[in-house]
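As structure tokens, the structure follows; a few thoughts come after it.
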Amino acid sequence: MPKSSSSKPANGRRLTPSAAIDRLQSIYGAATQALELELDHYLAKRTVPSAAVRASFRYPMLRVHYRDMAQPHPVTSRAFAKLQRFGLYETTITHPDFFRGYLMEQLEPLVAEYGAEIEVTVSDQEIPYPYVLERAADLSRAGVTPAELARHFPTPNLAAVGDEIADGLVDLDGSRALPLALFDGARVDYSLRRLVHYTGSDWRHVQHWVLLTNYHRYIDQFIRIGLARLRAQGSPWERMVLPGNVVVERGMTTAEADARVASSQWHRYQMPAYHLVKQNGEGVTLVNIGVGPSNAKNITDHLAVLRPNCWLMVGHCGGLRESQSIGDYVLAHAYLRQDRILDALVPPEVPIPALAEVQVALQDAAAEVTGARGDALKARLRTGTVVTNDDRNWELRFAQERRRINLSRAIAVDMESGTIAAQGFRLRVPYGTLLCVSDKPLHGEIKLPGAANAFYETAVAQHLEIGLAAIELLKKRRESLHSRKLRSFEEPPFR
């Protein structure tokens, strides 16, 4: 965790949450402006910034002081904005203006309920120049290499960017400030740049509600649904943003919208993202993460810094039971994690709990979209354990897998869901999984081209509609969404 500088702000502590965020933005804005100005000077004249000037390229530090005021801890069922011990909490902050709503949500209860005092100052943590300067063409024209810039300007220090707080590896012995948030400014900036690289669109477009899928046909349906919603009379949806930052605005003609969609070169990006935007980030982002647990971990590592309200997996799976049919749904309530990628961080013996709030929303959404109730819904939607495997051809060693699958009572197999759930548990993002049975590998029903196309045409649209409906239900139930199941013993105050 970065140490703060000894300088104190003129207005000291006891800032209101709003005033504190204003000061964070003032410090951050001045720092990034100075950094960009000095970079321009260097590109133009090779002017090296002085030590005093470089000292201004620093993140702002947000501190919360919780003193023993001889009063009991507030009693609240809220799963965040809670102070568990007296003392000083701190973190560095990036892009305070963008995160203003989130910061207000966290700070207001700490002041109102705990009497906490807020302080804002300048930290010792430098802002790396790549997080401010994105003009690669300018570097090329100036004949400057990244190695040359690294001699005079702050660069990303990956040794200082990690998830020690989220993974419970920080020593809380009282000799240093307690962590205020899971991620500091440098860790957040690192992931924001990664999101742009992998998804092909500006991270600012990511909405608070996220769907993850493992097949591009869900994207095709999402675009169709999104365009229809934009055209609807009185629609609250503002725009759709496609990979490459291609924007389809509400009110565009059908021909113009279709041309914009066709112009998006989504195939250039490893995990293209599509954003159906509402005011205040209340829309939906869909990311095609592709196949495998590595991609699933990668994208959720980075999405987590935006503190989404939830992420839901909606994709395909193999059905393991004879009673299942192609097109049936699987609502995961447990995960047999054979992804291996998270074994060192969340060992397989650590249980990943199903979140009741998410489970109920997914089941209610399935009933709403399919029109099925009671036994009819149970015939289409089965709840049980999902095996997440890191080997796409696991069927070839079924003799070794059979006993483990039997013991787990698993009903479906995929390559991403267990990883996404474990990442949600680890990084404190509510999660859930609703899969659609696309084949039954143990029962001779495999995906042949003709049958697969027929399945995709009928099943994908309904499945995606269920995911979107579940998000709308969760929005109405958000007070109970951020479950205390995700809190550790020594949890930072911020969600």
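All of the numbers you see were taken from the coordinates with simple rules; none came from a lab. Computed from a prediction, not measured in an experiment: that's the story for all the values here. Here the Cβ is made from the backbone with ideal geometry for all residues, glycine too, and neighbour counts use every protein chain on show.
Take each uninterrupted DSSP H stretch in the chain, measure its Cα extent along the helix axis, and return the ones at 30 Å or beyond whose mean Kyte-Doolittle hydropathy is at least -1.0. If you can, show how the numbers build up before the last one.
On the way: long enough: 17-45 (42 Å, -0.02); 449-476 (41 Å, 0.39).
Those that pass (Cα extent of 30 Å or more, hydropathy at least -1.0) are 17-45, 449-476.
List, in order, the whole-Hz ³J(HN,Hα) value for each residue of region 280-291 obtained from phi through the Karplus relation with A = 6.51, B = -1.76, C = 1.60 and θ = phi - 60°; use x for Gly and Pro. Coupling constants for region 280-291: 6, x, 8, x, 10, 10, 10, 10, 8, 7, x, 10 Hz. Using the average count of surrounding beta-carbon atoms within 10 Å as a protection proxy, the listed peptides 398-409, 39-50 rank, highest first, as 39-50, 398-409. Close amide H contacts of CYS310 (hydrogens built in the peptide plane, cut-off under 5 Å, sequence separation of 5 or more or a different chain): VAL210. Largest first, the extents of the alpha carbon coordinates of the chain on the three principal axes equal 71, 61, 51 Å.
Here's how it looks for VAL122: its modeled amide H is under 5 Å from those of SER5, MET61, which are all 5 or more places away or on a different chain.
Based solely on its DSSP helices, what 222 nm [θ] is calculated for the chain when runs of n ≥ 4 H residues each add -39,500 (n - 2.57) and the sum is averaged over all residues, nearest 500 deg cm²/dmol? All intermediate terms of the calculation are to be shown ahead of the outcome.
Details: 14 runs with 183 residues, N = 495.
Mean residue ellipticity, 222 nm, calculated: -11500 deg cm²/dmol.
List the pairs from LYS440/LYS476; LYS297/LYS485; LYS82/LYS476; LYS82/LYS485 whose alpha-carbon separation is above 25 Å, in the order I gave them. In this structure, LYS440/LYS476 exceed 25 Å between Cα atoms.
Sequentially through region 80-88, phi angles give Karplus couplings (6.51, -1.76, 1.60; θ = phi - 60°) of 8, 6, 10, 10, 8, 8, 6, x, 9 Hz, Gly and Pro residues having no value and appearing as x. When each of the peptides 185-198, 224-237 is scored by the mean number of other C-beta atoms lying within 10 Å of its residues, the order from highest to lowest reads 185-198, 224-237.
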